[in-house]
Every structure is written in C-alpha cells, then in structure tokens.
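Trainee: Provided herewith is a single structure, encoded as structure tokens, for subsequent inquiry.
The values are calculated or read from the model by the stated rules, or taken from the named source; none is laboratory data. Nothing here was measured: the structure is a model prediction, and the numbers come from that model. With ideal geometry, Cβ positions are generated from the backbone for all residues, glycine too; neighbour counts draw on all protein chains shown. For the accessible areas, the whole protein counts, side chains as well, though only heavy atoms, and no ligand, DNA or RNA atoms are used. Shrake-Rupley method; radii C 1.70, N 1.55, O 1.52, S 1.80 Å.
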Amino acid sequence: MRLPLELLIDRYQKNLFAAAYNVCANAQDAEDVVQDTLIQYYSSNKQFNDEEHIKAWLLRVAINKAKDVTRRFRWKNTVSLEELTTDIPFEDPEVETFFDEVMNLPEQYRVAIHLFYYEDMAVKDIAKCLQISEGSVKMRLSRGRDLLKERLTEDDDNDRSGKIQKCG
Amino acid sequence: MTDREKYKSAVEAVASSKMHQLEASDIMKNSKKTFRFKGLVIAVAAVILLVGACGAAYAADLGGIQSKVQLWFQGELTDVTLDISNNGSYSEYTASFTDAEGNPRQIMGGGVAYDFFGKERPLTEEEILEELNAPEVVYEDDGSVWVYSGSEKVEITDMFNEDGVCYVKLTGGKKPIYMTIQYQGGYATSRSRYVTP
C-alpha cells in the first residue's frame, strides 16, 4: 500500500522533524531532512504492508539522512545548544533543562531515547528502525538514562549551591 | 511530570516554534527535478553500456572466452556468465547476471598486467575473478552504507569518523581483510594492517 503525500505530511511531518532535529540539533537541517525523506518516498515505487510500516520506513530514512547531514556538515554545527534553544517557548524551566540534557547526550543514546520517549516505540521496534540488536537498544537506553540522571542531579546540586551562596 | 512527559512537551515546543508546514506540491516539484537528474545519469550509463557492449561483441568475434562462474554479489552467491576477450595486451570482460530482484545486470571492465620484465600482458581469468570478488561498498538511498565481501555483509553507516573515514576488518575469508573506506571516496585494503588514508 501507499498513502498520498498530503496525508503523510499532515500525520508525520512533526515526527520526522523531531527525529531529524534530535540528530542534527539544527532546525534548518531538520527541515531539509524531512523534505528529502518525503521526496524519497514520493520518488520511489516501494510498496508497504500498512501505515505503521510507512511510518517506520520514513523515520528510519529521516534518521539516516540526518546522520549523513551531521557527518558531511559537521562544521555547521558550531552554535551551542543553549543558543539554539533560547528562543523556544518551553512550558517550564524543568522541561527546558531536561531537553537540553537529552540533546547533550552522545548521538546514539539520544536517538534511542527519542524513539522510546517521543514515539513510544518498543525496544524491538527501535532495534528494527536503527538496524541494531535489541541488546544494543537496551544498552543505549540504559546508559543514556543513567547519564541523564547523573547530569540532572549535577544540575540540581549546582542550582542548590548557587542558592545557598546567594543566601549566604 | 515524568521524563517521558517532559521530553514530549519539549519536542512539541521545538516543533511548534521551529518547524514550517510543508506543502505536498513543493515535494512533488522537487521530486521532478530529482527524476530529471536521475534520467541524465541513466542516459550516460546507457551510452557507456552500449559502447562497452559493442566492444565486447567485436572482441567476441575475434575469439573471446565465455565461461559460467559463481560470484558473490551483495551477499548472494550468483550465477554469472563471464565473457573475456583479450585485445592485444589488455583484457576486456563482461559479467552478466540476474540480481536478487530479477533484474538483468552487467558489470564491465578490463585491465592490463605487467610481467617481471615490465612487458604488458592481458589479465588472466583468475585475476579478473579476483577483481570481481573484491569487497564492494554500497551507499543505499536510505543513507545506510554497507560493505559486501563474499557472504559477509557489514553495515558501516555509523562507523565513519569525523574525517569521513571508516576502518573495518572483514573476517569472512581465510585471511582477514583490513579496509580503510573514505566516505563516497573509494577504499583501500590490506591483508596485514589498515592503510592510512
């Protein structure tokens, strides 16, 4: 089966953008990746089993294209993450800190975490999407979350010591 | 708020502030450009194929050798018809086969070797088979990169370093092959160590 482009854009543009942004950490690159991914879908005659299959394929292609972009144009990513996210209206500071720390994780951990948290994908589906073993997915999720916990605790400690110094 | 909820909320904020709505018509317009470009590439390839095929036919009239061999093509052991013609001091070959998806394929090439005294001689069938069986690096449309060598298939998409170089050891044969691959720029192999790019 195949679905019309309008419908795919409507349903999955945000998912593809989010996945590409997770890898590139750059909105312009992420938009280019989404466009290239949809062009690839439109240009190919590939048939899919169902809509889930299409979504999984689109995500996989977008992530791979985003990885290509970061490899080829690494020099472009010279802006710090703080600069990139300063104009984003986050719901609350806790959400912003959490997102910053996810984006500061090594790429392989944050992609797995993105698919797990945002796409609600099961370990076996993440493994298929990234073409790695389920064991590797579990390892990436576990190490990623450990690192995240460690860094968020450090942030908390720094905040507290800042407040104590201010009080003192 | 759970970590999952925090992350989802953050991604929603990023998307609503940074993402611009795409139009299907733009995708279709850009796809047509891609098709035209692809068409050009195919036309060029067809010319080369035609010239190559004429060359092979001409050489075959002069007495080429045809043999049926089995070669590894992208991890599949494939029946191949190999036509070799020696044109003076160099060899031309055409390997014809049907790929896993049922499409007829041809690989053409040729070459020359130098003997001990520096005199040119045509490649032997064994040398041509060795060339055809050399590892192959394939860049897929979905962005993944694979190395095929014999029955061995290794994904190297995530193995390129910051300079676009990947080092991979293939262990499927009798002796290991150390490959140094430059992204989209060819590769070098050695039986004893990685070649420095």
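Trainee: Tally up the carbon and sulfur contribution to the accessible surface of region B:100-159 as a whole percent, 1.4 Å probe, everything protein left in place. Before the final figure, lay out each step's value.
Mentor: Working: 1790 of 3680 Å².
The computed percentage sits at 49.
Trainee: Over region B:134-197, average the accessible area per residue using a 1.4 Å probe and give it in Å², no decimals. Please list the in-between numbers first.
Mentor: Details: 3520 Å² over 64 residues.
With all protein chains present, region B:134-197 gives 55 Å² per residue.
Trainee: Short version: which residues of region B:163-183 lose at least 20 Å² of accessible area, all chains versus chain alone, 1.4 Å probe?
Mentor: Buried by the other chains: B:183.
Trainee: As a quick test, which of the pairs A:128/B:175; A:65/A:128; A:46/B:18; A:55/A:124 have an alpha carbon distance above 23 angstrom in this structure? Please list the in-between numbers first.
Mentor: Details: A:128/B:175 32 Å; A:65/A:128 16 Å; A:46/B:18 31 Å; A:55/A:124 15 Å.
Check vs 23 Å cut-off fails for A:128/B:175; A:46/B:18.
Trainee: Tell me which chymotrypsin sites (Phe, Trp or Tyr not before Pro) from region A:1-73 have a DSSP coil assignment and no more than 14 other beta carbons within 10 Å of their own. Write out the running numbers ahead of the final one.
Mentor: Values: sites: A:12, A:17, A:21, A:41, A:42, A:48, A:57, A:73; in loops: A:48, A:73.
Those that pass, being in a loop and sparsely packed, are A:73.
Trainee: Taking the inverse of the average 1/r across all pairs of different Cα atoms in region A:1-78, what Kirkwood radius in Å do you get? Walk me through the intermediate numbers first.
Mentor: Values: mean 1/r = 0.0795 Å⁻¹.
When all Cα pairs of region A:1-78 are included, the Kirkwood radius is 12.6 Å.
Trainee: Run through region B:69-139 and list the GluC sites (Glu not before Pro) located in a DSSP loop whose Cβ has at most 14 other Cβ atoms within 10 Å. All intermediate terms of the calculation are to be shown ahead of the outcome.
Mentor: On the way: sites: B:76, B:92, B:101, B:120, B:125, B:126, B:127, B:130, B:131, B:136; in loops: B:101.
Here the GluC sites (Glu not before Pro) that fit, given the DSSP loop and packing criteria, are B:101.
Trainee: What accessible area, summed over both chains, is buried at the A-B interface (1.4 Å probe, Å², nearest 100)? Write out the running numbers ahead of the final one.
Mentor: Numbers: alone 10490 and 14290 Å², together 20640 Å².
Chains A and B together bury roughly 4100 Å² of accessible area.
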